[in-house]
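Shown next, in structure tokens, is the structure this report addresses.
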Amino acid sequence: MVNIAKATGTATDFGISAPSRAIETALRDKIDNKTKPLGALGRLETLALQIGLIQQTLSPQLTRPQILLFAGDHGAVAEGISAFPQEVTWQMVHNFLMGGAAINVLARQAGMEVQVIDAGVNHDFPPETKARDCKIAPGTANYLREPAMSTEQCAQAIRIGAQLVGECAEQGTNAIGCGEMGIGNTASASLLLHRVGGIPLVECVGRGTGVDDAGLARKQAILARASARRPGALAPLEALAEYGGFEIAMMVGAFLAAAEARMVILVDGFIAGSALLVASRLHPAVLEYCVFAHLSAEAGHGRMMDLLGAEPMLALGMRLGEGTGAAMCYPIVQSAVTFLNEMASFAEAGVSEKDD
């Protein structure tokens, strides 16, 4: 298990500031003087500028990219909010460890390492498993009746997520994405979008793992009851403790620590986005480090992107989670860095520039 004693502090203790823009003009000049018409590489140019600013260099590099895949169970699954039973969480964790899931395939293709973290799965994995044992508890409580987690558990999860990113930074990682697995976690993400983002609940709730029309109506009704249990405004961390999952809380800490370490952050889909929404309400500058991988097919993700001021790189109709969108986006990030570093300028290539 992660040594929690070394993971101190709270979600407000992170030292996160927006990147300095002192080298922005030089970066734009480098981009604009490549052998192409101005703006011809479209959003790759914007992305190259962002990464150069994050790393504060005209020649950024990407090193040891990783996906941290957090898994946790949700007590509210007992209310019938998912099309799948809770045991699918631990079964999928086993699939991750065996290398057979979509995230394994896509991460291998992209050259990314995957770490699987047991944040709170309702299952005892064998001691020899490759999953990181960071279990807070065997799943959250049922948020229809009580808070999903205590304030202390929420803070503990945030600290662990931050510590795991700190370990990645020590290993040389400077580009990171977060994935998740947890039956019922689209419901938690919907409630966080509703209570933190102020979006009407009906616009936040989608089909998740694929509930039918009757299941969707039941899910909306259950989440309305859960939200009504805590009327009035909630601070971001209060909402996270009331309705979140341990895997979501760990992602909050991971995002904040990654921004503090000035990493390029690849933001996956709806559930990862709910963690970022909480993190951004605590430290808005975290968004300066984020590359939004894709627009999920989950109902509330578009509203979430609007709240975050995000323009996703891809829109492939995906809604799997696991960090799959982040892995799909990473080669685009590589392309932005590669053209900035390797593409010739007009002067280097001896190519005439556009006439004034």
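The numbers here are math on the coordinates, done by the rules we state, and not lab data. Fair warning: this is a prediction, and the values are worked out from it, not measured in the lab. Glycine also receives a Cβ, built like all others from the backbone with ideal geometry; neighbour counts cover every protein chain displayed.
How large, in Å, is segment 191-325 by the Kirkwood hydrodynamic radius built from its alpha-carbon pairs? Computed over Cα pairs of segment 191-325, the Kirkwood hydrodynamic radius comes out at 15.1 Å. The gain in end-to-end length when the R303 to R64 segment is fully stretched comes to 82.8 nm, 0.36 nm per residue minus the alpha carbon separation. Other residues within the sphere of radius under 14 Å centred on the Cβ of R229, judged by their own Cβ, net out at 0 (K and R +1, D and E -1).
For segment 101-128, the residues whose backbone nitrogen is under 15 Å from a point 7 Å from the Cα of E87, taken along Cα to Cβ, are 122-125.
Roughly how many Å is it from the Cα centre of segment 192-218 to that of segment 16-89, as a whole number? Their Cα centres are 27 Å away from one another. Extents of segment 96-250, taken as max minus min of Cα coordinates on every principal axis and listed largest first, are 44, 35, 31 Å.
Please give, to one decimal in nm, the separation of the simple spin-label points placed at Q171 and A217, each 7 Å out from Cα toward the Cβ. Once both label points are built, they end up 4.8 nm from each other.
Sorted into 20 angstrom bins from 0, the C-alpha pair distances of the chain split as 32, 55, 13, 1 percent. Highest average first, the peptides 182-189, 235-242, 61-68 ordered by how many other beta carbon atoms sit within 10 Å of their residues are 182-189, 235-242, 61-68. Per-residue ellipticity at 222 nm, computed for the chain from helices alone with -39500 (n - 2.57) per DSSP H run of at least four residues, works out to -14000 deg cm²/dmol. Count the DSSP beta bridges whose two residues both fall in segment 66-334, then state the antiparallel fraction as a percent rounded to the nearest 5. Bridges in segment 66-334 that DSSP calls antiparallel: roughly 0 percent.
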